[in-house]
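Trainee: Take a look at the following structure, please.
What follows draws every value from the coordinates through simple rules; no lab data is involved. Since the structure is predicted, the reported quantities are computational estimates derived from the model, not experimental observations. Note that we place each Cβ from the backbone using ideal geometry, even for glycine, and neighbour counts take in every protein chain shown.
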Amino acid sequence: MSMLGIGWLIAEASVEASEEGGFVANILEANLINLLIVIGVVVYFGRGFLGKILSERRSNIEVALKDAEERRQKAAAALANEQQKLAQAQQEAARIRSAAEERSVAVKATLLAEAEAEVQRMKEGLSQDLNAERERAIADLRQQVSSLALQKAEAELPSRMTDDLQTNIINRSIAMIGGT
């Protein structure tokens with residue numbers, strides 16, 4: 001049965017009721033009938049219109065949800081990518097720090113070895129300088145002692161040297177050279 005058919009039935013029922021009841025009952029029945037007719041018309045004609053609007057709204061919501069899901073997935077992928085880059089950067093920083101520490105230890109050992117070698121070289125140089133100074137001082141002392149001994153010998157030689165002593169020295173010298 002269509003909406004118009006229902007409306008006619010309601011209208012007939014209200015006419016019958018108005019013949020039996022009163023004016024107030026007729027107004028209430030008429031309002032009720034009008035309300036039912038309006039609701040019926042809205043449901044009948046509005047079903048397609050409201051269905052179309054609700055369908056469009058539903059499709060818009062589905063598109064928005066798909067977009068939101070795609071953006072969420074892209075953001076999650078970007079976050080994972082950036083976290084991976086951060087982990088790699090942290091590993092690289094740790095490697096650089098470790099290499100710097102190793103290099104520092106090696107440079108320190110090298111510098112200590114060079115400093116120790118330099119100290120040893122300086123000690124050797126000082127020892128050589130001291131030995132050279134000592135030898136020079138000893139040579140100077142020997143020369144002074146020799147000079148003094150010669151001066152003293154020259155000073156005492158004329159007084160101690162006799163003819164017999166001179167002859168004896170000459171004979172010994174000749175014997176040493178290969179004479180008799």
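Trainee: Note the full-extension length gain between A139 and K85 as 0.36 nm times their separation in residues minus their Cα-Cα distance, in nm to one decimal.
Mentor: My answer for the length gained is 11.6 nm.
Trainee: Then there is this: Could you give the length gained by full extension between S104 and S55, i.e. 0.36 nm per residue of separation minus their alpha carbon distance, to one decimal place?
Mentor: Separation in residues times 0.36 nm, less the Cα-Cα distance, equals 10.4 nm.
Trainee: Tell me the label-point distance for the pair N168, Y44, using the 7 Å Cα-to-Cβ offset, in nm and rounded to one decimal.
Mentor: The modelled label-to-label distance comes out at 17.8 nm.
Trainee: For K66, give me every one of the lysines with a C-alpha distance below 20 angstrom, ignoring sequence neighbours fewer than eight places off in its own chain.
Mentor: Result set, ordered by chain and number: K74.
Trainee: Can you tell me how much longer the chain between Q120 and R95 gets when fully stretched, taken as 0.36 nm per residue apart minus their C-alpha distance, in nm with one decimal?
Mentor: Here the segment from Q120 to R95 would lengthen by 5.3 nm.
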